[in-house]
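Student: Dumping the structure here so I can ask a few things about it.
Only the coordinates and a few stated rules stand behind these numbers; no lab work does. Values in this document were obtained by computation on a predicted structure and should not be read as measured data. In this analysis, Cβ positions are derived from the backbone assuming ideal geometry, glycine residues included, and neighbour counts consider all displayed protein chains.
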Amino acid sequence: MGFHYELRFAGVGGQGSLTAGTILAHAAVFHTNYYATQVPTYTSQVRGGAAKADIIISDTPIIFAESTNVDFFLATHQKAYNAYKGDLKQGADVLVDSGLVTVPDEDAKIYKVYEYPLVRTAKYEIGNVVTMNVLAVGICVGLTQVLDVEAVRETVKEEVPERFLDMNLKAFDMGLEVGEKFRREGPTKK
Amino acid sequence: MGRIAFLNANAAVAEAALVAGLGFYAGYPITPSSEVPERLSKIMPEKGLPFMMMEDEIASINACVGASASGVKAMTCTSGPGFSLKQEALGMACIFEVPLVVVDVMRGGPSTGLPTRPSQQDIMQARWGTHGDHPIIALAPCNAQEAIFETIRAFNLAEKFRQPVVLLTDGALSHLHTKVYIPDPEEVEIIDRAQPDVDPDNYYPYDYNYEIPPLAKWWTEDGKSYRYHLSSLIHDKTGFPTVDPKYTQWLLKRLHNKILNHVDEITKNEYYKMDDAEVCIIAYGSTAEAARVAIDQAREEGIKVGLFRPLTIWPSPEKQISDIASKVKHIIVAEMNLGQYKLEVERIVAGRVPVYGVGQAAGVLIRPSQIYEKIKDPSKSVEICLTEEELKRFGGGE
């Protein structure tokens, strides 16, 4: 098998996990010439229920589109972390919001765990909590280098509403920096 | 040239319906099918086509039956609970013999069940949901690209056979976003209902001389006006009610034979690695994709296993399944329900070889690993279940 990468973005409904997944999938399909799928799962509560988007990026057609061997896992809520951590591969990169998710010590032995105050940064440093998902996409790309940075930046421009564009590009660039730092320095939770 | 898009299967079905010539949509939104009307509600008004958000599912399908009877291609879309409500009018469409496409995005049941989760629990509802002896055509695509071609095929079959066609997808497939190609109408075969070659005065909507009588549009381009009667009661060639036993038996036989005599034309199947297979997985829709991955894995270990996938669920491919039963050691039917299509397979196989099932109705896709385990040991139960320890401390789920 050639290139095959599975991501899972999990949160609670309303946080933007599905949008974040769509940005990566679009970047893979329209700006990188990969195959990609995005499968959202949510509950009937819509807001407040555990939600996730599974994204698979591959250089060959994807037959079964649900992630069963996750390489990168983003969790922005404890409920989502607990519900959807089951399909992670050993050594997977796990990014969590340090204010909202507590990763059990035993999990940190199996996965590479990176903690970052996503919501706080989005709200107070970037200026709007809605940029949280783009911030997370930035960290994901910086850390995993799964897709070309410019391909993702172009997709962010296409996907976010124009009046929030500057804010989101700022979030993306901040995320990239954080992600690259994580890449150099390794997991924050040992 | 068509166009490339990154869509989920619901949006793909909506786009494909327009390619097929959809002229009227009426519906009532329901998860996980709502992206179909969402997309159509934007596009249809721009094209000057009527899109009606109705007060409920019953009104929706009745509006579609009426629209189709007047001469346009009509579609409605729903999920399990809404499909239950549509059953009465679905039967009416069968006996009226009006073309109609009903999309059912299957979610977990019974009742309101699991609104956002996938299932394949409406297989028998699609076949026998409406009462009385009636024929039905039901199709089940396995990915978004195929959903486009099967939607077009659903319209074509409906038009050709004067028959409601059910398109079955599921809650997972409907939300699976992937790259698809949307063809232009010129690139695909589009069938429109046959029109009478007689004047309005000599036209009968159920003319005895035909296996499938032409269904006249209520207007023609040269200004003729065909007016006729449609009745949900058993009717004679004029469309008016009759209780004559001979006509009654004749009508019911014709309703069935117009499908059964053309099964080869209506059924569509995929054989995957079946050439030398000793074990056959029968799966359809999303589950077939999991089976494909499992089969590849088992093949790497030298296990001779293949997939038979009906794209046309009803009428069932009896000849093909019977033929498989004469060649393999056993059959495994994998589906997101507790064994509905397995019943049909067992009926056809008639005990010649063992038929095992992977029957999971847990609101999640059956995974390749589960089917792989079943291939390795068909006697093993591979469905998700609570362990004894979990049963003891079970206190409610997320």
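Student: Identify the GluC sites (Glu not before Pro) of region B:33-134 meeting these criteria: DSSP loop state and at most 16 other C-beta atoms within 10 Å of the C-beta. Write out the running numbers ahead of the final one.
Tutor: Values: sites: B:35, B:38, B:46, B:55, B:57, B:88, B:97; in loops: B:55, B:97.
When the GluC sites (Glu not before Pro) of region B:33-134 are filtered for loop state and at most 16 Cβ neighbours within 10 Å, B:55 remain.
Student: What is the calculated FRET efficiency for residue B:181 to residue B:256, with r their C-beta to C-beta distance and R₀ = 22 Å, to the nearest 0.05?
Tutor: Details: r = 36 Å, r/R0 = 1.66.
Result of the calculation: an efficiency of 0.05.
Student: Place a +1 charge on the Cβ of each Lys and Arg in region B:142-198 and a -1 charge on the Cβ of each Asp and Glu, then give the dipole magnitude about the Cα centre in debye, rounded to the nearest 20.
Tutor: Working: 5 positive and 10 negative charges, 47 e Å.
Computed charge dipole of region B:142-198: roughly 220 debye.
Student: Can you work out the FRET efficiency for the pair residue B:303 and residue B:38, with r the C-beta to C-beta distance and R0 = 51 Å, to the nearest 0.05?
Tutor: Values: r = 44 Å, r/R0 = 0.86.
Between residue B:303 and residue B:38 the formula returns 0.70.
Student: Another question about this same structure. For region B:94-103, what does the Karplus curve 6.51 cos²θ - 1.76 cosθ + 1.60, with θ = phi - 60°, yield as ³J(HN,Hα) per residue in whole Hz, taken in order and with x for Gly and Pro?
Tutor: 3J(HN,Hα) across region B:94-103, in whole Hz: 5, 7, 5, 6, 9, x, 6, 10, 10, 8.
Student: Under the rule of at least 5 residues apart or a separate chain, name every residue whose amide H is placed under 5 Å from the amide H of residue B:120.
Tutor: The list, which skips near neighbours in sequence, is B:336, B:337.
Student: Right, something else. To the nearest 20 Debye, how big is the dipole of chain B about its Cα centre, given +1 on the beta carbon of each Lys and Arg and -1 on that of each Asp and Glu?
Tutor: Working: 40 positive and 52 negative charges, 106 e Å.
Result for chain B is approximately 500 debye, rounded to the nearest 20.
Student: Another question, if that's okay. Can you give the log10 of the normalised intensity I(q)/I(0) at q = 0.16, 0.20, 0.21 Å⁻¹, computed with Debye over equal Cα scatterers of region B:154-301?
Tutor: Treating every Cα as an identical point scatterer, log10 I(q)/I(0) equals -1.04, -1.32, -1.39.
Student: Another question, if that's okay. Under the Karplus relation 6.51 cos²θ - 1.76 cosθ + 1.60, θ = phi - 60°, what is the ordered set of whole-Hz ³J(HN,Hα) values for region B:218-227, x standing for Gly and Pro?
Tutor: Once θ is set to phi - 60°, the couplings for region B:218-227 become 6, 9, 10, 5, 8, x, 6, 10, 8, 10 Hz.
Student: Normalising by the residue count of region B:270-376, find the relative contact order in percent from Cα pairs under 8 Å and 6+ residues apart. If you can, show how the numbers build up before the last one.
Tutor: On the way: 194 pairs, mean separation 34.7, N = 107.
Answer for region B:270-376 is 32 percent.
Student: Please report how far the C-alpha centroid of region B:124-188 lies from that of region B:317-347, rounded to the nearest whole angstrom.
Tutor: With region B:124-188 and region B:317-347 each reduced to a Cα centre, they are spaced 21 Å.
Student: Moving to a separate point now. Exceeding 28 Å between C-alpha atoms, which entries from my cross-link table qualify? They are B:86/B:268; A:109/B:380; A:52/A:157; B:86/B:217. Please report the intermediate quantities before stating the final value.
Tutor: Values: B:86/B:268 26 Å; A:109/B:380 33 Å; A:52/A:157 23 Å; B:86/B:217 24 Å.
Exceeds cut-off: A:109/B:380.
Student: Work out how much length residue B:330 to residue B:347 would gain on full extension: take 0.36 nm times their residue separation and subtract the Cα-Cα distance, in nm to one decimal.
Tutor: Working: separation 17, 0.36 × 17 = 6.12 nm, distance 1.45 nm.
The residue B:330-residue B:347 span can extend by a further 4.7 nm.
Student: Helix-only mean residue ellipticity at 222 nm, chain B, DSSP H runs n ≥ 4 weighted -39,500 (n - 2.57), per residue, nearest 500. What is it?
Tutor: On the way: 13 runs with 147 residues, N = 398.
Calculated from helices alone, the mean residue ellipticity at 222 nm is -11500 deg cm²/dmol.
Student: I've got another one for you. Could you check the spin-label model distance between residue B:58 and residue B:393? Points 7 Å from the Cα along Cα→Cβ, value in nm.
Tutor: With each label placed 7 Å out from Cα toward Cβ, I get 4.9 nm.
Student: Additional query: Show me the chymotrypsin sites (Phe, Trp or Tyr not before Pro) within region A:1-46 that DSSP assigns to loop and that have at most 11 other Cβ atoms within 10 Å of their Cβ. Before the final figure, lay out each step's value.
Tutor: Working: sites: A:3, A:5, A:9, A:30, A:34, A:35, A:42; in loops: A:3, A:34, A:42.
Those satisfying the criteria are A:3.
Student: Over the Cα atoms of chain B, what radius of gyration and what Dmax do you get, in Å?
Tutor: 21.8, 76
Student: Which FRET efficiency value, to the nearest 0.05, is calculated for residue B:188 and residue A:177 with the Förster distance at 51 angstrom and r the Cβ-Cβ distance? Intermediate values should be presented prior to the final figure.
Tutor: Details: r = 49 Å, r/R0 = 0.96.
The value I calculate is 0.55.
Student: Return the loop-located trypsin sites (Lys or Arg not before Pro) in region B:1-80 (DSSP other than H, G, I, E, B) with at most 14 other Cβ atoms within 10 Å of their own Cβ; answer none if there are none. Present the calculation step by step, with values, prior to reporting the outcome.
Tutor: Values: sites: B:3, B:39, B:42, B:47, B:73; in loops: B:47.
Counting only loop positions with at most 14 other Cβ atoms within 10 Å, the trypsin sites (Lys or Arg not before Pro) in region B:1-80 are B:47.
Student: A follow-up question, please. Considering amide H positions built from the backbone, and no H for Pro or chain starts, which residues 5 or more places from residue A:95, or on another chain, come under 5 Å of its amide H?
Tutor: Under 5 Å from the amide H of residue A:95 lie the amide H atoms of A:73, A:74, A:75, A:114, each far enough along the sequence or on another chain.
Student: 222 nm [θ] for chain A, helices only, -39500 (n - 2.57) per DSSP H run of 4+, per residue, to 500? Before the final figure, lay out the partial values.
Tutor: Values: 6 runs with 72 residues, N = 190.
That calculation yields -12000 deg cm²/dmol at 222 nm.
Student: Just B:104, B:222, B:236 to compare: in a GNM of chain B, with alpha carbon springs under 10 Å, which one fluctuates most?
Tutor: Comparing B:104, B:222, B:236 in a Gaussian network model of chain B, the most mobile one is B:222.
Student: Sticking with this structure for a sec: Hey, can you grab everything whose amide H is under 5 Å from the amide H of residue B:52? Only 5+ residues off in sequence or another chain; H modelled, so Pro and N-termini drop out.
Tutor: Counting only residues 5 or more places away or on other chains, the set is B:25, B:26, B:27.
Student: Cα-based Rg of region B:270-376 per 2.2 N^0.38 Å, rounded to two decimals? Write out the running numbers ahead of the final one.
Tutor: Numbers: Rg = 12.4 Å, N = 107, 2.2 N^0.38 = 13.0 Å.
In units of the globular-protein estimate, region B:270-376 measures up at 0.95.
Student: Next question. Can you find, among B:96, B:106, B:70, the residue farthest towards the positive end of the dipole of chain B? Put +1 on the C-beta of Lys and Arg, -1 on that of Asp and Glu.
Tutor: Highest projection toward the positive end goes to B:106.
Student: Could I ask something else about it? Of B:129, B:171, B:223, which is the most mobile in a GNM of chain B whose springs link Cα atoms less than 10 angstrom apart?
Tutor: Highest fluctuation of the listed residues: B:223.
Student: Using only the Cα atoms of region A:4-185, construct the convex hull and provide its projected area averaged over every direction, in square nanometres to one decimal.
Tutor: Across all orientations, region A:4-185 yields a mean hull projection of 9.6 nm².
Student: When chain A is modelled as a GNM with alpha-carbon springs shorter than 10 Å, which of A:165, A:118, A:74 fluctuates the most?
Tutor: Of A:165, A:118, A:74, the most mobile in the Gaussian network model is A:165.
Student: Something else: What is the extension gain from residue A:60 to residue A:166, computed as 0.36 nm multiplied by their sequence separation minus the C-alpha to C-alpha distance, in nm to one decimal? Please list the in-between numbers first.
Tutor: Details: separation 106, 0.36 × 106 = 38.16 nm, distance 3.46 nm.
Working it through step by step, the gained length comes to 34.7 nm.
Student: Provide the convex hull volume over Cα atoms per residue for the protein assembly as shown, in Å³. Don't skip to the answer; put the middle values down first.
Tutor: Working: hull volume 101.8 nm³, N = 588.
Convex hull of Cα atoms, per residue: 173 Å³.
Student: Further, regarding this structure: Taking θ as phi - 60°, what are the ³J(HN,Hα) couplings along region B:108-125 by the Karplus curve (6.51, -1.76, 1.60), each to the nearest whole Hz, with x for Gly and Pro?
Tutor: Karplus-based 3J(HN,Hα) across region B:108-125 equals x, x, x, 6, 5, x, 10, x, 9, 10, x, 7, 10, 8, 9, 4, 7, 5 Hz.
Student: Can you tell me the dipole magnitude for the protein assembly as shown around its Cα centre, using point charges on the Cβ only (Lys, Arg +1; Asp, Glu -1), in Debye to the nearest 20? Please report the intermediate quantities before stating the final value.
Tutor: Details: 59 positive and 76 negative charges, 189 e Å.
The calculation lands at about 900 debye.
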